[in-house]
Amino acid sequence: MLCTNCFNDEYRTITIDKGVVINGRSQTIGEVKCEQCPSCKDIIFTHQQSLALDKKRINLEFSSKPVLAPQQLRLLRKILNMNLDEICEILQIGRNSYGRWERGEVSISPSMNLLVHQFIERFPEARVNLIEAEMQAEIEKAKTRYLTDSISLGEFIRNVIRTTNIITDIVCGRLGVTAEEMERIEDNDLTPESIPAEISANIIKFFHLTMDALRQLFENTLKIQRLKKQVSFMHVRTTHYGKATESHARSMNKILEKYIAEDASEYQLSVNPQYLKKVRACLQKEGNSGRL
C-alpha cells in the first residue's frame, strides 16, 4: 500500500516495541507488527495488527492488576458504605466467598480479582484509595495546587486530604500516626520538633515533598503557633440551634492561617537544623525514597 504521508514508497511490515500506559505506568509491549514507510518512516496499523496489539495490551493490563488484600476488600465496602449482602448482589458472587476473602481465609481468585478491580474503577473515591497509581497522581495534583510559600503544614494536609478524598485511615496508616495525632497536626498544635523525625519523613514521602518544602511548611506552622499565644479571645460562629459549627481550635487555626497568608511582614521563624538533619537521616536510611 502506498504511503499516505509522503506518497513516495510502499508500506512494509516490520516488528517494533510499542510503549503504552497501563494502570498509570509506562510499559512496553514487544514484537508488535505494524506497517512502516521506508522513506518517511511513517507507521500505521492494519485492522488485524490493531486487534493483535489490543489483545496484548489487555492481557498485560489484566496480568498487572495487583491481587487485592483482605484489608482492601474491607476498605472497599467502607468507602462505598455497602454491607456484605449489597456488594455481593452487585458483583453476583456468594456472600460466603467475599467474607472469606475479607477475613483472609482464602485468596481471591484471578478472575474475581479482575472483576472487583473493574468494579473499583467505576468509583473515583474507591480508585484513589485503593489503586496506588491513582492516589499518587491525585496527591501530586493537589500538592501543585496548594503548596505555597505561606501555607502551614496543617492547612496543606487538610486541603490535600479534602481534595483527593483519601480517607483518614489510609493517611494515618501511611504517616504512622493515630487519628488524634493526625488531628493535632492538622490543627498546627504540634511544634515541628515534637513530631518524631520518622513521621516527618513519612509526610515527605506520602505528599511528594522536598526537604525545603517541609521546612517552609514547618516555619509557617511556627508563625501560627506564635500568634496563638497572643490571642486572648475568639468568637466561635454558631448555628441558630446554638451548636458550634466548628471547634474553637479549628476556627482559630483557620483565621490565623488566613492572617499569615495575607501578612508577609511576619518575621521568619526557623526550624531546629538538628531536627531537619534527623528527618534527612530517616529518608536516607529508608533508601532515599523521599526527595532530598
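The values are calculated or read from the model by the stated rules, or taken from the named source; none is laboratory data. Note that the coordinates shown come from a computational prediction; the quantities given were computed from them, not determined experimentally. Counting neighbours? That spans all protein chains shown, and the Cβs are built from the backbone with ideal geometry, glycine included.
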Inset, instruction - Test Glu102 against the stated conditions and say whether it is surrounded by 11 or more Cβ atoms within 10 Å (Cβ to Cβ) and either at pLDDT 90 or above or not charged (D, E, K, R) (or both). - result: yes
Legend entry - Hits in segment 149-167 (condition: without any contact (Cβ under 8 Å) to a residue 24 or more places away in the chain and either within 20 Å of Thr191 (Cα to Cα) or touching a His at 6+ places or on another chain (Cβ under 7 Å) (or both)): Asn159
Legend entry - Only one of Ser63, Ser39, Ser97 that is surrounded by fewer than 14 Cβ atoms within 10 Å (Cβ to Cβ) and touching a Cys at 6+ places or on another chain (Cβ under 9 Å): Ser39
Inset, instruction - Evaluate the following for Cys40: is it modelled with pLDDT of 90 or more, in a loop (DSSP other than H, G, I, E, B) and more than 27 Å from Ile166 (Cα to Cα)? - result: yes
Inset, instruction - Might you check whether a residue that is closer than 20 Å to Arg215 by Cα, charged (D, E, K, R) and touching a residue at least 12 places away in the same chain (Cβ under 8 Å) occurs anywhere in segment 111-134? - result: no
Inset, instruction - State which residue pairs qualify: first residue surrounded by 14 or more Cβ atoms within 10 Å (Cβ to Cβ) and inside segment 168-189, second residue hydroxyl-bearing (Ser, Thr, Tyr) in any location, beta carbons under 6 Å apart, and separation of 6 or more residues or different chains. - result: Asn188/Ser152; Asn188/Thr221
Inset, instruction - For segment 59-81, name all the residues that are in a loop (DSSP other than H, G, I, E, B) and of a type outside the set (S, T, N, Q). - result: Lys65, Pro66, Val67, Leu68, Ala69
Legend entry - In segment 131-154, the residues that are surrounded by 19 or more Cβ atoms within 10 Å (Cβ to Cβ) and more than 18 Å from Ile79 (Cβ to Cβ): Ala142, Ile151, Ser152, Leu153, Gly154
Inset, instruction - Determine whether segment 134-144 contains at least one residue that is out of contact with any strand residue (DSSP E or B) (no Cβ under 8 Å at 6 or more places or on another chain), modelled with pLDDT of 90 or more, under 18 Å from Ile167 (Cα atoms) and not in a helix (DSSP H, G or I). - result: no
Inset, instruction - Determine whether segment 205-226 contains at least one residue that is farther than 19 Å from Gly176 by Cβ, in contact with a Phe, Trp or Tyr (Cβ under 8 Å, 6 or more places away or on another chain) and not small (Gly, Ala, Ser). - result: no
Inset, instruction - Look at segment 1-35 and say how many of its residues are surrounded by 11 or more Cβ atoms within 10 Å (Cβ to Cβ), out of contact with any helix residue (DSSP H, G or I) (no Cβ under 6 Å at 6 or more places or on another chain) and not in a strand (DSSP E or B). - result: 6
Inset, instruction - Report yes if Arg57 is farther than 28 Å from Phe206 by Cβ and either surrounded by 13 or more Cβ atoms within 10 Å (Cβ to Cβ) or among the aromatic types (Phe, Trp, Tyr) (or both), otherwise no. - result: yes
Inset, instruction - Having 2 or more residues that are modelled with pLDDT of 90 or more and over 24 Å from Ile167 (Cα atoms) is the bar; report the helices (runs of 4 or more DSSP H) wholly within segment 179-292 that clear it. - result: 211-228, 273-285
